[in-house]
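Here's the structure we're looking at; comments come further down.
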Amino acid sequence: MTLEKPAAEPTPTAQVAGDKDDEEAKAGVDIWKYILGFTKMAVVKCAIDLGIADAIESHPDPSISLPQLSSKLGCCPSSLRRILRFLIHRKIFRHHADTDTYSQTPLSRLLLTRGEKSMAALILLETTPVMLAPFLNLSSQVSAAAATAPPPFVAAHGDDIWVYSAANPGHSRLIDEAMACDARVAVPAVAEDCPEVFEGVLTMVDVGGGNGTTLRLLRKAFPWIRGINFDLPHVVSGALPPCEGVEHAGGDMFEGVPKADAAFLKSVLHDWSDSECIQILKNCKEAISESKSGKVIIVEAVIDEENDGKWTDVRLTLDMVMMAHTGGGKERTEKEWAHVLRQAGFAKYTIKPVRAVQSVIEAFP
């Protein structure tokens, strides 16, 4: 009987060398994600433009064949198949090999152009040439000349995003629709996870409320609240029709905010620099000064640099979007939020996570 000699354990040096080889091999694959990174966004936009999710959703059967789908969309079958193959690999749509048909997935349903959870409007906004162009000049924001160079959006379009949107109603509508899309996801999460935040609030002003979607959703959850949808005049002029308990008011949050028990800001402060945030918050503090239970409710991302959670990559990516699209906006850590709140005169604050990218920050005078 011959006994085999046990395999020798790799030496520490050999183990390190093997780990380095694996890391370099992985890097050789991963780099292609960045070389071709735009492709994913472009193909998802293509799917929305073609209406693939809508066509499958409206089909009488749960799944649909390629000839049926291409006929319904008026598309070239071979090209459509390639688009679907790419998306299916990313769990957007599902292919059933036994019947050679296609159906929805939870991810593909987010591409429906209508629906409570649709994210299509956000994708269509972020894939416009207007929003993509500033990214090509992102380095100017971090170079040695950043102090004198215009922000990337201004460099690309000649004005900041707010002046540009005021002069281009079509783009302004895209922004409003995208923010409404985000509100339909974030606001129910806030209402379900933090209902106590709205206890005792009888009047509330939604600062930068866009077309009024956020207040409508909050009123649905908390019908005793009377809401004021406050935004720039050109924005509220195109807002949703007034409904019971909600009125529209045009104005400038840097000059003043309508009086209420609570000021509500969702995805507003991340658009502005610290000094601008402090001014907005001071005006909100003044707006709630006559209420015994006055507070400011902020729904924004909070970056946690110590822990890598499921929303971390989204929040860090949003921070890059703020760098490209604004002149000083950013996603903030808790320490950075504490700074602007303290400088605006708030005595205390709480942060509550919800099932969304954003958290709920309550600030008290």
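The values are calculated or read from the model by the stated rules, or taken from the named source; none is laboratory data. Since this is a predicted model, take the numbers as computed values, not measurements. FYI the Cβ positions are ideal-geometry reconstructions off the backbone, even for glycines, and counts take in every protein chain you see. Note: areas computed on protein heavy atoms with side chains; ligands, DNA, RNA excluded. Shrake-Rupley method; radii C 1.70, N 1.55, O 1.52, S 1.80 Å.
Approximating the spin labels as points 7 Å out from Cα along Cα→Cβ, the S65-to-F364 distance works out to 6.6 nm. Positive end of the dipole of the chain (Cβ unit charges, origin at the Cα centre): among A324, F86, V296, the Cα lying farthest that way belongs to F86. Counting 0.36 nm for each residue step from F135 to M320 and taking away their Cα separation leaves a gain of 65.7 nm. Only Cα pairs under 8 Å and 6+ residues apart enter the sum, and on that basis the relative contact order of the chain stands at 12 percent.
Site-free segments of the chain were taken between chymotrypsin sites (Phe, Trp or Tyr not before Pro) in DSSP loops having at most 14 other Cβ atoms within 10 Å, sites themselves excluded; the longest one is 1-223. Simple point charges give the picture: +1 on the Cβ of Lys and Arg, -1 on the Cβ of Asp and Glu, and for the chain a dipole about the Cα centre of about 760 debye. For E57, the accessible surface of its heavy atoms amounts to roughly 90 Å² (probe 1.4 Å, protein chains only, rounded to the nearest 10). Remark: spin-label model distance K335-E247 equals 4.5 nm, labels positioned 7 Å along the Cα→Cβ axis. Within the listed set P60, P195, P151, the Gaussian network model of the chain (springs between alpha-carbon atoms below 10 Å) gives the highest mean-square fluctuation for P60. Of interest is the spacing of the C-alpha centroids, which for the stretch 198-238 and the stretch 329-364 amounts to 20 Å.
Taking only protein heavy atoms and a 1.4 Å probe, the accessible area of the chain is 57% carbon and sulfur. In a reduced charge model with +1 at each Lys and Arg Cβ and -1 at each Asp and Glu Cβ, the stretch 45-189 shows a dipole moment near 440 debye about its Cα centre. For percent of Cα pairs over 25 Å apart, the value computed from the atomic coordinates appears in the list (1) 55; (2) 62; (3) 48 under label (2). Inter-part distance, the stretch 273-289 to the stretch 17-70, computed on C-alpha centroids, equals 43 Å.
In a reduced charge model with +1 at each Lys and Arg Cβ and -1 at each Asp and Glu Cβ, the stretch 268-315 shows a dipole moment near 400 debye about its Cα centre. Full extension of the segment from T99 to T128, taken as 0.36 nm per residue of separation minus the current Cα-Cα distance, would add 6.8 nm. For the stretch 227-279, the solvent-accessible area works out to 41 Å² per residue, with a probe of 1.4 Å and every protein chain left in place.
Run the paramagnetic zone check for K26: 7 angstrom along Cα to Cβ, then residues of the stretch 55-92 with backbone nitrogen under 20 Å. Output list for this probe position: empty. Projecting label points 7 angstrom from Cα along Cα→Cβ for C46 and R85 puts them 1.2 nm apart.
FRET efficiency for the L73 to R173 pair, using the beta carbon distance and R₀ = 25 Å, is estimated at 0.50. Once all protein chains are placed together, T312 keeps about 20 Å² accessible to a 1.4 angstrom probe.
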